Amino acid sequence: LQKGEFSFGKKGKGIILGFKLADTLRVRIGSKIILSAQNMHAEVASAAFRVTGILKTNNMGLDERAVFIDLNKMRKMLGVPEGVSQIAVIVQEQDQLAQVQADLQKRFSDLDILRWDELYPALMQSKVIMNGFNMVISGMIFCVAALGIFGVILVSVLERIREFGIMLAIGTRFSLIRNIILAESFFLGLIGFVFGSLIGGANLYYFKVYGLDLSAFSDAFDEFGMDAITYAVIRPSYFLTAFAAVLLATFFSVLIPLRVLKKSNPIEAINKV
């Protein structure tokens, strides 16, 4: 609530507007507004209201176009009988949506039971696009991380190629050397993952509690219906995905150094300084 009070007055003649709509209409608290709409009989009905409150919801549709009036006043103005026209049910577990929809449709066969993605397909498309965009960005980040791991492992193998050559010359199987390099690489990757997870988890927890305050750019965020303070969300999938990515990046980063070592001649490797 930016201005006024969240009230429709004693006689229900108050009206609450989104702040964007209030700016467009150039009204303030106490201003008079004539609200016109088509009623149930396809006739134009209108009523006078006084602005009692101005809201900011960070929902562009509500802030730019929606008005809030007393329910009884709305029914009288539009000739709508008592009752409701729509009920929204929030399901916490997304994997239960289909089952909940089937149960409700079976119980209320005369009603339209729609999931949010069926009611607003554009939102579902936006979600799919955003997930794809996030996957591309994550892939680029982990490719950079893989290049860093590859550089460390390659230098580590090339600097010890003389030692590995001596081991091969005295009869050590290449599979044993390969297992040593793999174990060393995965150990280094695990250490990096643990420290990275601790630092990243601490940062996420801080922003989950206190949020990222971008109030200096609040006007720009308002244009897109976004809150100036963003709070982080912590999910186990973040760390599981990062762990799998580190393992894969470490594995593929070791392949080329191992190939270089396998092709090297033990005698030439021993003679290298």
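The values are calculated or read from the model by the stated rules, or taken from the named source; none is laboratory data. From a predicted model like this one, the values you see are computed outputs, not experimental measurements. As a convention, Cβ positions derive from the backbone with ideal geometry for all residues, glycine included, and neighbour counts pool all protein chains shown. Accessible surface areas use protein heavy atoms only, side chains included; no ligands, DNA or RNA. Shrake-Rupley method; radii C 1.70, N 1.55, O 1.52, S 1.80 Å.
Within region 78-116, the set of residues being under 26 Å from the mean Cα position of the chain (by Cα) and polar (S, T, N, Q) comprises GLN92, GLN94, GLN96, GLN99, GLN101. For region 157-173, the tally of residues that are open to solvent by 50 Å² or more (accessible area, probe 1.4 Å), in a helix (DSSP H, G or I) and farther than 25 Å from VAL246 by Cα stands at 5.
Quick check, is SER175 in contact (Cβ under 8 Å) with a residue 60 or more places away in the chain, more than 23 Å from ILE234 (Cβ to Cβ), of a type in the set (S, T, N, Q) and assigned by the TED database to the domain that holds VAL233?
no
Of the set (1) in contact (Cβ under 8 Å) with a residue 40 or more places away in the chain; (2) acidic (Asp, Glu); (3) not assigned by the TED database to the domain that holds THR24, all apply to GLU64 but (3). Just one of the listed residues (ALA146, ALA102) is open to solvent by less than 70 Å² (accessible area, probe 1.4 Å) and in contact with a Phe, Trp or Tyr (Cβ under 7 Å, 6 or more places away or on another chain), and it is ALA146. Looking for whichever is within 29 Å of the chain's Cα centre (by Cα) and not aromatic (Phe, Trp, Tyr) here; the options are ARG65, ARG50, ARG75. Which one fits? From the options ARG65, ARG50, ARG75, the qualifying one is ARG65. Whether any residue in region 124-136 is loosely packed, with under 15 Cβ neighbours inside 10 Å, in the same structural domain as THR241 (by the TED database) and touching a residue at least 12 places away in the same chain (Cβ under 8 Å) is what I want to check. Within region 124-136, none of the residues are loosely packed, with under 15 Cβ neighbours inside 10 Å, in the same structural domain as THR241 (by the TED database) and touching a residue at least 12 places away in the same chain (Cβ under 8 Å).
Does PHE193 fit the bill of being in the same structural domain as LEU240 (by the TED database), in contact (Cβ under 8 Å) with a residue 24 or more places away in the chain, touching a helix residue (DSSP H, G or I) at 6+ places or on another chain (Cβ under 8 Å) and over 18 Å from THR241 (Cα atoms)? When the stated conditions are applied, PHE193 does not pass them.
For residues in region 181-203 being polar (S, T, N, Q) and farther than 28 Å from ARG259 by Cβ, which is surrounded by the fewest Cβ atoms within 10 Å (Cβ to Cβ)? Once the filter is applied, the top-ranked residue is ASN203.
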